[in-house]
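**Q** Below is the structure I would like to discuss, written out as structure tokens.
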Amino acid sequence: MIKGKVVGLRALEKEDLPQLKNWRNNPSQRKFFREVNELNDFNQNKWFESICDKNSINKMFAIIKLDTNKIIGVCGLCYIDWVNRSADFSIYIGYEDLYIDEVFAIEAAELMRTYGFEILNLHRLWAEIYSIDEKKKVFFDSLGFKLDGELKETYWFENKWHNSLYYSYLSTFNEK
């Protein structure tokens with residue numbers, strides 16, 4: 001387990017899947033995810049098997065609240081490009097419908113960033129969010145991610161188009 005002060009990151013387990021499916025199917029959070037349809041057990045299990053493969057290009061972790069040892073969210077590095085040393089940064093807190101907060105999400109993101117740069121030797125972490133995702137805009141700004149660009153009208157939600165925003169954080173941002 002990778003430990004911080006209030007959260008830890010551990011490998012996802014099959015027993016976590018029902019909780020993850022409930023969080024991913026929560027309409028208040030699902031609107032920020034790429035999945036349009038609700039996940040079923042088959043899809044959840046298929047996803048889990050794909051990330052457990054030792055050759056997977058995805059490294060996903062359960063976010064654990066250290067004082068209770070309970071899972072409160074998920075984070076990871078997806079679509080890892082080993083040649084160009086980059087990965088898509090993914091995170092959410094399902095616990096108490098937080099989605100993103102200033103305590104658990106921030107510390108988990110800092111742990112994941114350290115893991116990506118210091119353990120995996122990545123150079124660039126990036127994220128795509130939708131323009132309606134105000135919490136993640138603030139979140140990525142507070143972590144020092146830079147807004148790289150915007151793609152127009154990529155996401156249809158509530159009968160209108162929304163843009164995709166791309167953020168990145170480079171390993172060189174920490175160099176002095």
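Bear in mind these aren't lab numbers, they're just calculated from the coordinates by the rules spelled out. What you are looking at is a predicted structure, and each value in this text was computed from that prediction instead of being measured. Virtual Cβ from ideal backbone geometry, glycine too; neighbours counted across all protein chains shown.
**Q** Output yes when any residue across segment 39-62 is among the small types (Gly, Ala, Ser), under 30 Å from Glu158 (Cβ atoms) and surrounded by 14 or more Cβ atoms within 10 Å (Cβ to Cβ), and no when none is.
**A** For segment 39-62, residues among the small types (Gly, Ala, Ser), under 30 Å from Glu158 (Cβ atoms) and surrounded by 14 or more Cβ atoms within 10 Å (Cβ to Cβ): absent.
**Q** Kindly indicate whether any position in segment 152-160 is surrounded by fewer than 16 Cβ atoms within 10 Å (Cβ to Cβ), over 19 Å from the mean Cα position of the chain (by Cα) and acidic (Asp, Glu).
**A** yes
**Q** Here's a follow-up. Take the residues of segment 86-130 that are aliphatic (A, V, I, L, M) and in a strand (DSSP E or B): which is nearest to Phe61 (Cα to Cα)?
**A** Ile91
**Q** Tell me the residue from Tyr99, Tyr166, Tyr92 that is in contact (Cβ under 8 Å) with a residue 40 or more places away in the chain, on the phi > 0 side of the Ramachandran plot and among the hydroxyl-bearing types (Ser, Thr, Tyr), please.
**A** Step by step, each of Tyr99, Tyr166, Tyr92 is checked, and only Tyr99 is in contact (Cβ under 8 Å) with a residue 40 or more places away in the chain, on the phi > 0 side of the Ramachandran plot and among the hydroxyl-bearing types (Ser, Thr, Tyr).
**Q** For segment 135-166, which residues satisfy the criterion of being of a type in the set (Ser, Thr, Tyr) and either over 23 Å from Thr114 (Cβ atoms) or touching a His at 6+ places or on another chain (Cβ under 9 Å) (or both)?
**A** Residues satisfying the conditions are Thr154, Tyr155, Ser164.
**Q** For segment 161-173, what are the residues that are out of contact with any helix residue (DSSP H, G or I) (no Cβ under 7 Å at 6 or more places or on another chain), surrounded by 11 or more Cβ atoms within 10 Å (Cβ to Cβ) and more than 21 Å from Val36 (Cα to Cα)?
**A** Ser168, Leu170, Phe173, listed by residue number.
Residue by residue, here is whether (1) aliphatic (A, V, I, L, M); (2) within 23 Å of Ser171 (Cβ to Cβ) holds:
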{"site": "Gln29", "(1), (2)": "no, no"}
{"site": "Val36", "(1), (2)": "yes, no"}
{"site": "Gly76", "(1), (2)": "no, yes"}
{"site": "Tyr79", "(1), (2)": "no, yes"}
{"site": "Arg85", "(1), (2)": "no, yes"}
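**Q** Hey, among Phe32, Phe61, which residue is in contact with a Cys (Cβ under 7 Å, 6 or more places away or on another chain) and not in a helix (DSSP H, G or I)?
**A** Within the list Phe32, Phe61, the selection yields Phe61.
**Q** For segment 42-51, what are the residues that are of a type outside the set (Phe, Trp, Tyr) and either assigned to a strand (DSSP E or B) or touching a residue at least 24 places away in the same chain (Cβ under 8 Å) (or both)?
**A** Gln44, Asn45, Ile51, listed by residue number.
**Q** Do you know which residues across segment 20-30 are loosely packed, with under 15 Cβ neighbours inside 10 Å and under 20 Å from Ser164 (Cα atoms)?
**A** Residues satisfying the conditions are Pro27, Ser28.
**Q** Okay, moving on. What is the residue count in segment 64-84 for residues that are closer than 25 Å to Lys5 by Cα and outside any strand (DSSP E or B)?
**A** Qualifying residue count for the region: 4.
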